[in-house]
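The structure under discussion appears below in the form of structure tokens.
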Amino acid sequence: MLDGGAIGRTAQPVMRLHGVGYRSGNTDILSDVELTIAAGVPTLLLGPNGSGKTTLLRLLMGLIGPSEGRVDVSAVDGVNTARRAFVFQKPVMLKRSTAANVSFALSAAGFPVDPLVVASLLQRVGLAALADRPARMLSGGEQQRLALARALARQPGILFLDEPTASLDPAQTKAVEDVVAAIAATGVIIVMATHDLGQARRLAGDVVFLVGGRVLEQTPATQFFDQPKTQAARRFLAGDLVI
Amino acid sequence: MDGVGAFSLLLSGDPALFAIVRLSLFVTLSAVMLAAAFGLPFGAFVALTQFRGRGGVIVALNALMGLPPVVVGLLVFLALSRSGPLGFLGLLFTPGAMIIAQAILIAPIIAALTRQVIEDLWVEYCDEFTAMDVSPLGRVAALLWDGRFSLVTIFLAGFGRAAAEVGAVMIVGGNIDGFTRVMTTTIALETSKGNLPLAIGLGLVLIAIVVAVNTLAWSVRQWSERHAG
Amino acid sequence: MRTRLIAQLLAAAAVTIGASAPSAAQDKSIIVASTTSTQDSGLFSHLLPLFKAKTAIDVKVVAQGTGQALDTGRRGDADVVFVHAKAQEEKLVADGFGVKRFDVMYNDFVLIGPKPDPARIKGSKDILAALKAIHLAAAPFVSRGDKSGTHSAELALWKAAMLDPAGAKPAWYREIGQGMGAALNTSSAMGAYVLSDRGTWISFKNKDALEIVVEGDAKLFNQYGIVLVNPDKHSAVKKDLGQAFIDWMISKEGQSEIRSYRIEGQQLFFPNANPEHLKKTE
Ligand SMILES: Nc1ncnc2c1ncn2[C@@H]1O[C@H](COP(=O)(O)OP(=O)(O)OP(=O)(O)O)[C@@H](O)[C@H]1O
Ligand SMILES: [Mg+2]
């Protein structure tokens with residue numbers, strides 16, 4: 001079910017961006033963004049460094065508001081679109097133990113702090129053995145997985161992931177992709193930024209291709225990889241995109 | 001008696017000297033607690049809230065860190081005097097008055113440094129907390145807890161300043177033998193009597209106590225950073 | 001949870017402070033505002049335990065400059081004022097802030113000087129001539145400069161010698177604005193003359209460079225008086241306990257204890273309460 005895009009199919013739109021721009025000072029970071037996030041398949045944000053992936057995710061999460069345009073959220077059966085979670089590109093760990101970080105996310109989301117739930121969340125991201133370690137002493141990859149566990153603790157309807165496997169080794173990358181695929185299968189809407197083309201192929205879904213703060217393509221993954229519409233996308237896929 | 005004598009008096013449990021040391025610790029620790037009870041929430045509030053005049057409040061807090069003890073002593077004296085607005089409390093020339101004076105002296109230190117610590121931490125945590133939907137109260141609690149090691153250092157700064165202070169406690173406590181006489185006022189008194197060796201000995205005891213308290217706090221911090229994260 | 005903790009801390013602090021305030025009902029203690037020189041002499045450590053043994057009254061002595069001690073009484077922050085500045089004590093009574101003034105004892109001032117004695121006045125019994133010699137020699141002189149009883153006595157002596165260094169402020173005349181002990185320490189450090197009460201001088205530990213140069217002039221006598229703060233002005237004044245202390249100080253027993261207080265064999269204070277009153281209190 002992870003192959004093939006949602007655009008133009010049966011999938012329901014969950015979030016829609018109309019003519020969205022985001023400006024910081026005099027710099028346009030995002031311009032004229034038209035975008036639909038749909039239920040059913042993961043949405044992958046692809047694009048070179050500085051193309052605006054993180055900014056777009058923050059906008060979708062509601063951490064920042066658009067300078068122009070509109071963000072619409074629609075209700076979808078069986079998905080709590082109000083409950084969103086975010087795994088940041090550089091997640092910040094609370095100065096506590098690994099387990100306490102998960103407990104904190106649980107209670108912030110209004111769930112009772114059940115040690116069994118904490119243990120199973122850590123199990124899912126492969127951190128069960130490190131439960132009592134100070135979280136800030138975990139490696140970069142371990143911290144990213146802990147951030148994923150914290151996000152899962154919220155039982156989100158929409159999960160935003162900003163390059164969650166950027167500092168993971170191949171085995172861990174696969175493990176995280178499996179977790180993401182598993183929760184996508186339960187109906188959670190996944191929006192994920194990545195540079196990793198292989199990952200995009202494995203997970204997608206829809207691809208949103210960004211360059212210089214503009215959405216150049218939004219297509220099903222298979223189509224994006226097989227017949228990219230734009231010159232920029234072809235060069236990006238060939239590995240020699242220069243902005 | 002010489003400087004070493006003050007130590008041996010203390011070690012041999014000389015009750016008068018022991019009582020002075022105990023009162024010093026009691027007054028200063030109470031003052032730190034009282035100052036923390038106000039300074040901590042206030043510092044956290046200023047760190048996390050946007051309001052008109054916030055910049056002014058921060059400048060004022062930072063400036064008040066350098067409050068001259070004698071001025072604090074005088075103001076507390078005027079307030080607590082029988083002829084002052086709080087005279088009915090009958091607190092002048094009691095340890096309570098000394099606690100209040102020291103607390104006023106160090107509350108701005110605790111508030112200003114707490115604001116700095118909490119604000120720095122908040123910059124780090126802001127996005128995560130927003131994404132996790134942490135309630136305002138939950139944020140304050142989490143920031144205070146995660147800033148606990150820095151906050152302990154702040155308390156120590158307050159403790160050191162209060163313990164070393166003489167001007168304010170002299171004025172509001174009256175240096176009454178066996179009742180409001182603390183280490184610093186004893187040192188001042190013995191100096192004025194020309195009893196310099198005893199004064200120096202007591203000074204060394206005071207320094208030793210401050211060093212001991214700091215060593216203890218540092219060890220606790222080392223231990224818990226390693227074990228509690 | 002955090003707010004509860006803070007509330008508990010506050011409550012604990014309030015209890016702590018409240019507990020340290022003496023509760024009027026059971027507390028048998030008074031506050032006596034007195035001078036640093038009286039305290040530094042050690043007289044109170046001798047008298048107060050005896051008084052407490054007899055009456056179970058705790059006397060808390062706040063030692064201040066004479067001016068400050070009188071002000072403490074005037075504000076109602078003390079029950080009894082025990083100082084040595086007769087004119088000001090009488091003014092306290094005249095203004096209605098004191099009930100009545102009683103003579104208690106006197107001690108005397110001594111002129112202390114550096115051992116080399118640059119003004120060549122050692123052994124003199126004439127304080128005015130000695131001050132003139134210091135003035136002439138422009139020898140360093142340390143003044144308390146703190147409006148204390150000793151300071152006023154010093155100023156009065158200069159005036160009697162027809163000199164006014166406090167007004168003219170020559171370089172050799174140094175006002176330090178501190179207590180007697182500090183003035184003696186300063187004099188020792190800079191080889192200066194200084195007027196001191198005998199009590200502080202005898203118990204002063206850092207004498208090395210200093211010695212008495214002038215003593216025994218009647219102009220150097222220093223009268224102590226005791227006054228009960230007027231309860232009509234300040235209702236918190238513990239009238240009965242305060243009066244009990246005054247009565248004891250001028251009683252035969254108190255007077256003889258004052259006489260018997262000695263340091264290194266020397267008597268510091270000479271009781272001189274009104275003999276009529278002595279009879280009355282027996
Ligand atoms: N607050 C800001 N103020 C000014 N410029 C900003 C701000 N935030 C981001 N930018 C700029 O906007 C552009 C897009 O940034 P963004 O972080 O969204 O890129 P990205 O696609 O996530 O890049 P990367 O792949 O490196 O993570 C960059 O040029 C960045 O420098
Ligand atoms: Mg990014």
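The values are calculated or read from the model by the stated rules, or taken from the named source; none is laboratory data. What you see is a predicted model, and the numbers here were worked out from it, not measured in a lab. No Cβ is skipped: glycine too gets one built from the backbone with ideal geometry, and neighbour counts run over all protein chains shown. With ligands, DNA and RNA removed, areas are computed over all heavy atoms of the protein, side chains included. Shrake-Rupley method; radii C 1.70, N 1.55, O 1.52, S 1.80 Å.
Taking strands (runs of 3 or more DSSP E) as the structural unit, those lying wholly within the range A:35-110 and holding at least 3 residues that are over 22 Å from A:V180 (Cα atoms) and either within 11 Å of chain B (Cβ to nearest Cβ) or away from ligand 2 (no atom under 15 Å from the Cβ) (or both) correspond to A:68-73.
Looking at the range C:170-177, is at least one residue out of contact with any helix residue (DSSP H, G or I) (no Cβ under 9 Å at 6 or more places or on another chain), open to solvent by less than 40 Å² (accessible area, probe 1.4 Å) and under 29 Å from C:T72 (Cβ atoms)? No; the residues of the range C:170-177 include none that is out of contact with any helix residue (DSSP H, G or I) (no Cβ under 9 Å at 6 or more places or on another chain), open to solvent by less than 40 Å² (accessible area, probe 1.4 Å) and under 29 Å from C:T72 (Cβ atoms). Sub-8 Å Cβ pairs linking a first residue in the range A:154-174 that is within 12 Å of chain B (Cβ to nearest Cβ) and within 16 Å of ligand 2 (Cβ to nearest atom) to a second residue that is among the aliphatic types (A, V, I, L, M) and open to solvent by 10 Å² or more (accessible area, probe 1.4 Å), at least 6 apart or interchain, are A:F160/A:M61, ordered by first then second residue.
The helices (runs of 4 or more DSSP H) located wholly in the range C:28-82 that include 1 or more residues which are within 12 Å of chain B (Cβ to nearest Cβ) and basic (K, R) occupy C:43-55, C:66-74. All conditions in (1) crowded, with 24+ Cβ neighbours inside 10 Å; (2) at pLDDT 90 or above; (3) in contact with a Phe, Trp or Tyr (Cβ under 9 Å, 6 or more places away or on another chain) hold for C:G98, with the sole exception of (3).
Taken over the range C:152-186, the residue count meeting the criterion of being basic (K, R) and within 14 Å of another protein chain (Cβ to nearest Cβ) is 0. Scanning the range B:113-169 for residues that are of a type in the set (D, E) and more than 7 Å from every other protein chain (Cβ to nearest Cβ), we see that the one that is least open to solvent (accessible area, probe 1.4 Å) is B:E165. When C:A85, C:A139, C:A133 are screened for being touching a Ser or Thr at 6+ places or on another chain (Cβ under 7 Å) and not acidic (D, E), only C:A85 passes.
Checking B:A63, B:A107 one by one, the residue that is of a type in the set (A, V, I, L, M, F, W, C) and crowded, with 16+ Cβ neighbours inside 10 Å is B:A107 and no other.
Within the range B:190-213, the residues that satisfy the criterion of being open to solvent by 60 Å² or more (accessible area, probe 1.4 Å) and either away from chain C (no Cβ under 14 Å) or not in a helix (DSSP H, G or I) (or both) are B:L204, B:I207, B:V211. Any residue at all in the range A:49-66 that is open to solvent by less than 20 Å² (accessible area, probe 1.4 Å) and more than 16 Å from ligand 1 (Cβ to nearest atom)? The answer is no, given that none of the residues of the range A:49-66 is open to solvent by less than 20 Å² (accessible area, probe 1.4 Å) and more than 16 Å from ligand 1 (Cβ to nearest atom).
If you go through the range A:185-241 and keep only what is on the phi > 0 side of the Ramachandran plot and within 16 Å of ligand 2 (Cβ to nearest atom), you end up with A:G212, A:G213. Checking C:A156, C:A166 one by one, the residue that is open to solvent by less than 30 Å² (accessible area, probe 1.4 Å) and of a type outside the set (S, T, Y) is C:A166 and no other.
The residues listed here are A:A232, A:A147, A:A171, A:A184; of these, the one that is open to solvent by less than 40 Å² (accessible area, probe 1.4 Å) and away from ligand 1 (no atom under 16 Å from the Cβ) is A:A184. Would you pick out the residues in the range B:1-20 that are at pLDDT below 90, crowded, with 19+ Cβ neighbours inside 10 Å and under 12 Å from B:R181 (Cα atoms)? Scanning the range B:1-20 gives a single hit, B:L17. Cβ separations smaller than 6 Å between residues 6+ apart or across chains give the following pairs from the range A:48-70 residues that are of a type in the set (K, R) to residues that are more than 7 Å from ligand 1 (Cβ to nearest atom): A:K53/A:L45; A:R58/A:I64; A:R70/A:H18. Filtered by the rule that a residue be open to solvent by less than 10 Å² (accessible area, probe 1.4 Å) and within 12 Å of chain B (Cβ to nearest Cβ), the range A:117-133 gives no residues.
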